[in-house]
Structure formats: structure tokens, C-alpha cells
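Participant: Could you have a look at this structure, given as C-alpha cells, before my questions?
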Protein chains: 2
Amino acid sequence: MPASKRKVSSEAPSAPSAPGKIPHTALYQEVAERLRQRIFAHQLAPGDWIDEQALAADFGISRTPLREALKVLASEGLVTLKPRRGCYVTEISERDLDDIFPLMAMLEGRSAWEAASRLQDEDLARLEEIHARLEAHAASGQVDGFFELNQDFHRLIQEISGNRWLLQLAQDLRKVLKLTRMHSLTVDGRLEQSMAEHQAVMAALRARDATAAEHAMRDHLLAGRRAIARISTQRNPPG
Amino acid sequence: MPASKRKVSSEAPSAPSAPGKIPHTALYQEVAERLRQRIFAHQLAPGDWIDEQALAADFGISRTPLREALKVLASEGLVTLKPRRGCYVTEISERDLDDIFPLMAMLEGRSAWEAASRLQDEDLARLEEIHARLEAHAASGQVDGFFELNQDFHRLIQEISGNRWLLQLAQDLRKVLKLTRMHSLTVDGRLEQSMAEHQAVMAALRARDATAAEHAMRDHLLAGRRAIARISTQRNPPG
DNA sequence: GTCGATAATTATGGATACAGTATTATCAAG
DNA sequence: CTTGATAATACTGTATCCATAATTATCGAC
């Protein structure tokens, strides 16, 4: 079944295509992004085996770029490669959550600290805009939209921090967390509580108070962990 | 020029081969490891273009597993893939060092904190052993041996911390730092100073004082950054 | 002699082909 | 009916091949 035409870029070539600048993003990168989407959507759920041939056929490509994409996802922690046994979507345990959230709290806390130190008026304006939209989503209870915007908010702070390595680490861990799909936001009242915590972060940023921003962000993340823990005990009541 | 026989595993198949347990480590992994060694040895220096065909021929393999290995190294940050333009060994700037070292200080500080909290007598014994050998190397001024053992020391603490995500992040950053080869240990007296800092870490661990261990480790890393800064200003005196 | 356009070369990215191993299915024995 | 051995199947890992884009070399114009 030869794939005479690429189907993969049928929708959008991911990179902005300025007239003179052909995107030229490698196929394996596009494939990696599409795989991430499927994984986050739990179309490929944790523990699932990844059928290379079927997926390649589905994407209308050969196995070569697909396998390259899987190598990338493996080092992001989204999939696990078992030699000679194939590729599986990574499963995250409660233990992993306990390990990852404090790390995220530390990294994002540091981001907030650095961001507060370097914050330009223009940066603050962009944050305020996202923050306002978050308020709106929270008020109308749009969890999905809130979730996406929330990610933008955190990412922007990491970008403002200006430390590309810090950004990279935090983004990688965030991807892993998205595997669980246990969005703490589904907990009753968590949306409002989350906004209150964001308020604290924003207040510290407006005041250019780095230490306060760091602590507010740290508390925000750790509160998120507790909210998820509440979901778990709800679903699996302790014996 | 077909490669009829694998030359790649001529020396050692990296994984220990227990009789019943065939290693079955994939070729791309072996290749990735050999590439890391060449990069750390500056046989492939920062900025160098990586000639896929030449390397594949050198290893006696095809380009396919080599390219998969390069994808892995790229996500570790050791090489940079430029679409349609090939693969280059990553170059690290002073700015990157300023970004990475505080991160490492934070991560390794946290490792030390967790390690101190969970430390078993057996763990401590293993640390003491490495520590003692470090002392010996320092006394006889064996910089290379010290460097390797030092890595073992740090890695062991991260392993004792029991947080595999923390271990992963720290190891990735350490690999990137090894790109520079500016081992702070070559600075006059740094070997002794480094040992003094290790002493502080060990003392805190022996006392199971998590906070002290965290601070000692953090200070140790930041002192390392300052030592490297001294090398830089030595080589490139400020105008 | 320098600059620019065009042709030749070379390297990258992707597809296909193939060998070897793991898994599953089949079947016989207890 | 369960258990173990053997055969068939399917998939992973690697090599080879090919198309296309990038680089270099050649040649001509100014």
C-alpha cells in the first residue's frame, strides 16, 4: 500500500508560511505533534500499545518518520520504548504525581521569581489579558477553555523568565502531567480556588515582588496536587 | 559500500550479558551512547557538523539507526537538528551557563534534601566510599578521575532521593554542561575547595539534616559556576 | 577581478525491502 | 481440561534505494 501522496499535512503545515519562507518543518516533527494530540486526547491512552504499521498507514506515511517521532516522544516521557517489544503510551502512577508536582512547583516557582525580576510593562499587559480571559471562563464554568488558557498563562510566565532551559524542563513535565487527564479543575470549586491563587500570583507580579511571586506560584501548584488527590480518593476510596 | 557485518559492537555490548538474559539493546541506543562519548571527548566539538554518511560508515551501520540516535541526542540538547541542513553539535554560551547552573543548584539541592530525608545506612555507606575515593584523587591531584567520581557522587545522591523525574532532569542538564568541557576543577585550588563543599554536604547527610544538605549542595553548585566564570575571564579578559 | 546566474554535486528526508525475533495459534500428551 | 512443545504469523529493527532540496563549482557579464 504505497503512499503516493502525503496525507499528513492535509490540514495545516504547523509552521507559519511566510511567502518567501517555506516552512520545511520535518515530517517527523509534524507526526510527533499529531501523536501528542492523540495521546493528550486519550485517543491513545496510557498503557496502549502503539501499532506502527497501522499508524503509519493512518497518517499516510512510511514507518521511518513515525519511528523517529516516537524516539522524540520517548525522551519527552510520553511513550516508553521496549526493545523488540514495541512502543507503549506511558502510564503515570500516584507515586509519579507525588514526585512530579513538587518538581513543577519548584520550577514554576523559580519561573515566577525570574519573571517578576525581569517583568516589562508589555509583559504584564499580556498577562493581564490572559488573566482577564481566565476570569471570564471561570465565571461561566468553561473548564476546557480554562484549561487551555491556564496553560498559556503558565507558559507565558516561563517565557518572560527568559530562561529557555527552565522553560524546556517545565514544558516537558507538563506534557507528562497531561497524560493523566485528571484535571484538578473538575473538582468542585477548584476553578474558583485556582483563580484566587492566580490572583495572588498576579498581585505579586504587579508589585514586582519576586519572592512573593515564587511562593504564590509554588502554593498554586501544590494546591493543584491536593485537588487531584481528592479526585483519586473519591474514585478509589481508601480501604 | 554495504556493511555486511556490524562493527559497532566490536568492543563491548554495553549491557551486561547474563547468560539467560540477552541484552537486546537496540542499535540506535548503542550508537547514541558512542556519539555522547565522542561529543564529551570533544572528538565532535560544539558547532561541528555531523556527517551522517561518514559516521554511519565509521560505525559500520546504515544511516537509519544513526538518524534515530541523533533524534535522541537532539532532545537531550547535545545536538541541534536544522531541517534540511543537517545536524550540529550544540554550542553553549555564557548566558546558557548562567541559566543552567542556578537550575542545577535548585534540582541538586532538592535531591540532597530528599536524599537526606530517606537516607538508609547502606546508602550512606556507599556515599562515604565514593567520598573517600574522591579525597584520595584530590590529594594526588588526579583531575580526570576526580571528575568522573564527582559525577558518580552527585548521581548517587539523586538516586537516593528516589525521584526518577528529578534524576532525569538533572542528568539531562549535566550532559549539556559536559559540552563545555570547562571543568571548573582545572582552576587553581578548586579541587580542594570542591572537597570542602562536599564535606559540608556529607556532614549534613550524616546528620540527616535535609535543609542543611539542600543548602550545602546548592552552594556547591553555585561555587562551581563562579569557578568556571574565573576561567572565562582569564581566557577572555574583560575589555 | 568581482559579482551574479546557472549547472553539477552532494546530503537530507522519506519509502521500501528484508532478516530476525517475539507472539500467537495449533496440536499432542498427560 | 490443562499443560507443554512446535509451527505459523506478525512486528520490530536495519539496510538500501530514491526524490528533492541545499551547497558548491563553473561560467559569463560587468
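Participant: Suppose we filter segment B:184-218 for residues that are without any contact (Cβ under 8 Å) to a residue 40 or more places away in the chain and within 20 Å of the chain's Cα centre (by Cα); how many remain?
Facilitator: Adding up the residues that qualify gives 2.
Participant: Does segment B:227-236 include one or more residues that are in a helix (DSSP H, G or I), buried (at least 19 other Cβ atoms within 10 Å of the Cβ) and hydrophobic (A, V, I, L, M, F, W, C)? Reasoning before the result, please.
Facilitator: Narrowing segment B:227-236 to residues in a helix (DSSP H, G or I): B:227-235.
Then drop every residue that is not buried (at least 19 other Cβ atoms within 10 Å of the Cβ), which leaves B:227-228.
Cutting the leftovers down to hydrophobic (A, V, I, L, M, F, W, C) gives us B:227-228.
Looking for residues that are in a helix (DSSP H, G or I), buried (at least 19 other Cβ atoms within 10 Å of the Cβ) and hydrophobic (A, V, I, L, M, F, W, C), one finds at least one in segment B:227-236, hence yes.
Participant: Oh, and also: Go through segment B:71-108 and report how many residues are open to solvent by less than 10 Å² (accessible area, probe 1.4 Å), more than 9 Å from chain A (Cβ to nearest Cβ) and assigned to a helix (DSSP H, G or I).
Facilitator: Summing the residues that are open to solvent by less than 10 Å² (accessible area, probe 1.4 Å), more than 9 Å from chain A (Cβ to nearest Cβ) and assigned to a helix (DSSP H, G or I) in segment B:71-108 gives 5.
Participant: Of all residues in segment A:81-104, count the ones that are farther than 30 Å from A:Ala223 by Cβ and within 18 Å of the chain's Cα centre (by Cα). Explain how you work it out, then say what you get.
Facilitator: Kept after step one, since they are farther than 30 Å from A:Ala223 by Cβ, are these residues of segment A:81-104: A:81-88.
Add one more test, that the residue is within 18 Å of the chain's Cα centre (by Cα), and what stays is none.
Within segment A:81-104, residues that are farther than 30 Å from A:Ala223 by Cβ and within 18 Å of the chain's Cα centre (by Cα) number 0.
Participant: Among the residues of segment A:64-81, which ones are within 7 Å of DNA strand D (Cβ to nearest atom) and more than 14 Å from B:Leu70 (Cβ to Cβ)?
Facilitator: Taking segment A:64-81 first, the residues within 7 Å of DNA strand D (Cβ to nearest atom) are A:64, A:67, A:81.
Once the filter is applied, which keeps residues that are within 7 Å of DNA strand D (Cβ to nearest atom) and more than 14 Å from B:Leu70 (Cβ to Cβ), segment A:64-81 yields only A:Leu81.
Participant: Within segment A:50-64, track down each residue that is crowded, with 19+ Cβ neighbours inside 10 Å and either at the interface with chain B (Cβ under 10 Å from one of its Cβ atoms) or more than 9 Å from DNA strand C (Cβ to nearest atom) (or both).
Facilitator: Step one: of segment A:50-64, the residues crowded, with 19+ Cβ neighbours inside 10 Å are A:50, A:55-56, A:59, A:61.
The answer is A:Ile50, A:Leu55.
Participant: Name the residue, out of A:Gly189, A:Gly141, A:Gly162, that is at positive phi and within 14 Å of chain B (Cβ to nearest Cβ).
Facilitator: Values: A:Gly189 fails: within 14 Å of chain B (Cβ to nearest Cβ); A:Gly141 fails: within 14 Å of chain B (Cβ to nearest Cβ).
From the options A:Gly189, A:Gly141, A:Gly162, the qualifying one is A:Gly162.
Participant: Can you find even one residue in segment A:16-28 that is within 12 Å of another protein chain (Cβ to nearest Cβ), modelled with pLDDT under 95, within 16 Å of DNA strand C (Cβ to nearest atom) and outside any loop (DSSP other than H, G, I, E, B)?
Facilitator: Yes, the conditions are met somewhere in segment A:16-28.
Participant: Then there's this: Tally time: how many residues in segment A:34-54 are away from DNA strand D (no atom under 16 Å from the Cβ), among the hydrophobic types (A, V, I, L, M, F, W, C) and over 14 Å from the mean Cα position of the chain (by Cα)?
Facilitator: Qualifying residue count for the region: 1.
Participant: Just the residues that are free of Cβ contacts under 8 Å to residues at least 12 places away in the same chain and loosely packed, with under 15 Cβ neighbours inside 10 Å, please, taken from segment B:121-158.
Facilitator: Our first condition is that a residue be free of Cβ contacts under 8 Å to residues at least 12 places away in the same chain; within segment B:121-158, this holds for B:121-122, B:125, B:129, B:132, B:136, B:139-140, B:142, B:144-145, B:148.
If the condition is that a residue be free of Cβ contacts under 8 Å to residues at least 12 places away in the same chain and loosely packed, with under 15 Cβ neighbours inside 10 Å, then B:Asp121, B:Glu122, B:Ala125, B:Glu129, B:Ala132, B:Ala136, B:Ala139, B:Ser140, B:Gln142, B:Asp144, B:Glu148 are the ones that fit.
The values are calculated or read from the model by the stated rules, or taken from the named source; none is laboratory data. Worth saying up front: this structure is predicted, and the values here are computed from it rather than measured. Backbone-built Cβ (ideal geometry, glycine too); neighbour counts: all protein chains shown. Ligands, DNA and RNA are excluded from the accessible area calculation, which covers all protein heavy atoms including side chains. Shrake-Rupley method; radii C 1.70, N 1.55, O 1.52, S 1.80 Å.
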